[in-house]
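Undergrad: Right, I'll just put the structure down here and ask away after.
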Amino acid sequence: MSALTENGEHRGDRDGEGVPPGGGLTTGEVARRLGVAPTTVRTWDRRYGLGPDGHTGGRHRRWTAGDVARLERMCALTATGLPPAEAARLARGEEPPAVGPAGET
């Protein structure tokens, strides 16, 4: 894993394991790990609320290990054919809406 400079930037090569303790992965780094386009990661943030817990100055997304795990779950669920909105709800750990008799909610 690479070290972080005083201003939070990465230096050196990563060994591919884990996320920096300070939560410093960029959207591009996360997208490469997941095998999706950076625009997909940003869309999941805006559309489904799967964004990182924190942003740096200038509103740059910085993804923690927990954030990446949530996105990995999203990828796994959509790969099974689940619609993205449903996959996002499950990835966030939300319970399905209660359905009453005759399909009432």
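Values quoted throughout were computed directly from the atomic coordinates according to the rules given, and no laboratory measurement underlies them. Just so we're clear, the structure is a prediction, and the values are computed from it rather than from any experiment. As a convention, Cβ positions derive from the backbone with ideal geometry for all residues, glycine included, and neighbour counts pool all protein chains shown.
Undergrad: Report the gain in length on full extension from T80 to R46: 0.36 nm times residue separation, minus Cα-Cα distance, nm rounded to one decimal.
TA: 10.0 nm
Undergrad: How far apart, in nanometres, would the label points at E72 and E94 be if each is projected 7 angstrom from Cα along the Cα-to-Cβ direction?
TA: For E72 paired with E94, the spin-label model returns 2.4 nm.
Undergrad: Further question on the same structure: Would you please give the residues with an amide H less than 5 Å from that of R62, counting only those at least 5 places away or on a separate chain, with H modeled from the backbone geometry?
TA: G54, T56
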